[in-house]
Amino acid sequence: MVIARFSSIASRLLLASALLLPLFLGLTGFFLDRAFENSLEVAERSRLRGHVNLLMSVAEPISKDSLIVGLRLPVTLSEADFEHPNSGLYGYVFDNRNKAVWHSNSAALSDPPNYKSIAKSDNPGRMLFSEKELANKLHFIARYTVNWEDANENPTPFHFVVIHSAEEYHAELKAYRNQLWRWLGAAGFFLLIAQTLILRWGLRPLGKLAQALKAMQSGDTSNIAGEHPRELQRIVDNLNQVLAREQALRQRYRNSLSDLAHSLKTPLAVLQSKLVESVESDSELQQIASEQVARMNQVVTYQLQRAVSSQQKGTFRRTRLEPIAQRLFAALQKVYAHKKMDQELDLTPNSTVAGDEQDVMELLGNMLENAFKYGNKHVRMRSTIEDGWLRIDVEDDGPGVPEDQTERILERGQRLDTSIPGQGIGLSVAAEIVRSYDGEISIHRSELGGARFSVCLPLLPATD
C-alpha cells in the first residue's frame with residue numbers, strides 16, 4: 001500500500017521535501033540562534049566594558065600622608081540604571097583587601113558580593129568577563145584591576161566591578177527564538193506549497209509525453225509528436241528512432257518477401273531456358289539444374305537472414321569480385337542467349353569488397369541483369385581503386401536512363417520501360433545494399449551509348 005502510494009515521481013519528491021525541509025530549516029534555525037546569541041553576548045560585554053570605563057573615568061584617589069587610602073566617586077552617575085535601586089545594574093569598587101569601598105546607588109539595598117567569590121584571579125590592566133549566579137539568578141560580571149600609584153610611585157590596587165542581571169538577556173533571546181521558529185515554520189509551510197506547485201508545473205511535460213504516447217498507441221500518429229523540454233527531447237528523439245527502426249524492420253519483412261521472389265527469378269529462368277531450348281546431354285542439364293537449385297537455396301537463406309537482420313554493415317568478411325562476376329556473366333549469357341550479347345569484364349587485379357559474398361552477388365546480379373535486359377549487344381563491367389574506395393561500373397548499350405529519372409529508378413517498384421517484364425525491385429535492392437555498406441550508387445550516360453551504373457564502396461568495413 002505504501003509502495004503504491006509513493007510510486008509516482010511527484011509523491012516521492014514531495015516526501016523527500018517533507019523529510020529534508022524540516023532538517024534544513026532546523027539547521028538554519030540552529031545557526032541563526034547561535035549567531036544571535038553570540039551577538040547578544042558581544043553586545044553585553046561591550047556595555048559592561050563601557051560601564052567599567054565610566055567608573056574609572058570619574059574615580060579620583062584619596063591621599064593621606066602621600067599614600068592613597070581610597071577613591072572618591074560622584075554621588076550620582078550619568079548612567080540611570082546605576083541610580084535606581086535593584087535596577088539589575090550594579091557597580092562596585094574593591095580595595096586591595098577585597099573590601100567594597102564604593103557601590104552605586106542601585107546596590108544600596110543589597111549587600112556587596114564577596115570579591116573572592118566572583119574573582120578567582122586578577123590580571124591588572126586587562127578587562128575580564130564572567131558569568132555567575134548571585135542570589136539564585138544568573139549575572140554577567142566585568143572587572144578591571146587598576147594599580148594606582150602614589151607620590152612615591154607605590155602601586156595601590158583597586159578592583160572596578162560591574163554586575164548586570166541576565167534576565168534582560170534571556171528575555172530578549174527567548175523573544176527572538178519564538179519569532180525565529182514561528183517564521184521558519186511559516187516559511188517551511190509555504191515552501192511545501194510552492195514545491196507542490198513547482199512539481200506540477202515541472203512534471204507537466206511528462207503528462208504531455210504520456211498523451212503523445214497514448215495518441216501514438218491509438219494509431220492517431222506514427223511517432224511521438226510535439227516539442228518537449230531539452231531533457232525529455234533526447235528521450236523522445238531516441239524513442240522516435242526506435243519506432244522508426246521498428247517500422248522499417250516491419251517494412252523490411254514485407255520487402256524481403258518481394259526480394260525473395262525477385263531473386264529466384266533469374267535461376268528459375270535459367271532452368272526454364274535450358275529445359276526448353278537446350279540440346280545438350282542430360283548430364284549437362286542435370287549439372288546446370290543442380291547449380292541453379294543450389295543458388296536458389298543460397299538466395300532463400302540470404303534473404304531470410306536479411307529480413308531478421310537489423311543492419312548489414314560492420315562485417316569484416318572480404319569477397320573477391322572476379323569469381324562472382326564470371327559466374328553471373330555465364331548464367332546471364334544463357335538466360336539472354338537469344339540476344340548474343342558481347343560481354344566485357346575488366347577488373348582491377350585482386351578487386352575485393354569488404355562485405356558478405358551474398359550481398360556482393362545480389363548487388364552485381366541485379367545490376368548485370370538490368371544491363372543484359374536493356375542492353376542491345378554489349379555489356380561491360382569494370383572496377384578501379386581510388387583513394388580507399390572501390391569503384392564498380394556496369395555499362396550497356398541500351399536506351400539509357402534520362403537524367404531526371406536517375407533518382408526515381410532506384411526506388412522500389414519504379415520502372416521506365418513497362419514493355420519488358422519485371423517488378424522494379426532489383427535496382428532498389430542494389431541501392432539498399434550499397435547504402436548498408438556506407439557506399440554510393442549513381443547513374444550516368446555510358447560511352448557505349450546506354451546507362452552506366454557506378455557503385456563506390458569503402459575498401460575497409462565501416463565502423464561506428
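Quick notes on this one:
- Remark: GLU440, GLU44, GLU246 ranked as GLU246, GLU440, GLU44, counting other beta-carbon atoms within 10 Å and listing the fewest first.
- Potential extension, GLN326-PHE189 segment - 0.36 nm per residue separation minus Cα distance: 40.9 nm
- At most 16 other Cβ within 10 Å, DSSP loop - GluC sites (Glu not before Pro), region 75-164: GLU83, GLU153
- Extension gain for LEU20-LEU347 works out to 110.2 nm (0.36 nm per residue, less the C-alpha to C-alpha distance).
- Backbone geometry of region 438-450 corresponds, through the Karplus equation with coefficients 6.51, -1.76 and 1.60 at θ = phi - 60°, to 3J(HN,Hα) couplings of 6, x, 9, 10, 9, 10, 9, 7, 8, 5, 6, x, x Hz, x marking Gly and Pro.
- Residues whose placed amide H lies under 5 Å from that of GLY70, excluding near-sequence neighbours: ILE62
- Applied to region 184-189, the Karplus parametrisation 6.51 cos²θ - 1.76 cosθ + 1.60 on θ = phi - 60° returns per-residue 3J(HN,Hα) values of 5, x, 5, 5, x, 4 Hz, with x for Gly and Pro.
- Counting 0.36 nm for each residue step from SER130 to SER117 and taking away their Cα separation leaves a gain of 3.5 nm.
- Amide H contacts under 5 Å for HIS378: ASP342, ASP397, restricted to partners 5 or more places along the chain or on a different chain, H placed in the peptide plane at 1.01 Å from N.
- Burial ordering of THR406, THR76, fewest other beta-carbon atoms within 10 Å first: THR76, THR406
- Those lysines that a straight Cα-Cα span of less than 24 Å connects to LYS64, excepting residues fewer than 8 apart in one chain: LYS99
No value in this document is a laboratory result; all are computed from the given coordinates. Note that the structure is a prediction, hence the values are computed from the model and not measured. In this analysis, Cβ positions are derived from the backbone assuming ideal geometry, glycine residues included, and neighbour counts consider all displayed protein chains.
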